[in-house]
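Student: My structure is below; once you've seen it, I'll send some questions.
The values are calculated or read from the model by the stated rules, or taken from the named source; none is laboratory data. On a predicted model such as this, the values are computed, not experimentally measured, just so you know. Please note: Cβ atoms are built from the backbone with ideal geometry, for glycine as well, and neighbour counts cover all protein chains shown. What goes into the accessible areas is simple: the full protein's heavy atoms, side chains included, and nothing from ligands, DNA or RNA. Shrake-Rupley method; radii C 1.70, N 1.55, O 1.52, S 1.80 Å.
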Amino acid sequence: MARMSGWDWTAFVLLVIGGLNWGLIGFFDWNLVDSLFGTGGTIARVVYALVGLSALWTVWKMSKM
């Protein structure tokens, strides 16, 4: 079994954060990222962008398996 690199772990953690955030939105109509960093704020946008990049990274890594 292949070992996960630091990038893989980072992407994994960000995907879990993104998934939990979407779960909170779906079940409770509460956005954790916006609550922590402000709605539409720069930091919130960076978090969303990093979650999206993590998803692309994971799709690319999975396609190589």
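A quick yes/no check of all residues on (1) at pLDDT 95 or above; (2) surrounded by 12 or more Cβ atoms within 10 Å (Cβ to Cβ); (3) more than 20 Å from G6 (Cβ to Cβ); (4) among the charged types (D, E, K, R):
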{"site": "L24", "(1), (2), (3), (4)": "yes, yes, yes, no"}
{"site": "N31", "(1), (2), (3), (4)": "yes, yes, yes, no"}
{"site": "D34", "(1), (2), (3), (4)": "no, yes, yes, yes"}
{"site": "V47", "(1), (2), (3), (4)": "no, yes, no, no"}
{"site": "K61", "(1), (2), (3), (4)": "no, yes, no, yes"}
{"site": "K64", "(1), (2), (3), (4)": "no, no, no, yes"}
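Student: Which of (1) of a type in the set (V, I, T); (2) without any contact (Cβ under 8 Å) to a residue 12 or more places away in the chain; (3) open to solvent by 70 Å² or more (accessible area, probe 1.4 Å) is the odd one out, the single condition I17 does not satisfy?
Tutor: Only one criterion in (1) of a type in the set (V, I, T); (2) without any contact (Cβ under 8 Å) to a residue 12 or more places away in the chain; (3) open to solvent by 70 Å² or more (accessible area, probe 1.4 Å) is unmet by I17, namely (2).
Student: Could you list all residues from the stretch 47-65 that are hydroxyl-bearing (S, T, Y) and under 14 Å from W9 (Cβ atoms)?
Tutor: Matches in the stretch 47-65: S54, T58.
Student: Just checking, which of G19, G52, G23, G40 is outside any helix (DSSP H, G or I), out of contact with any helix residue (DSSP H, G or I) (no Cβ under 6 Å at 6 or more places or on another chain) and not charged (D, E, K, R)?
Tutor: G40
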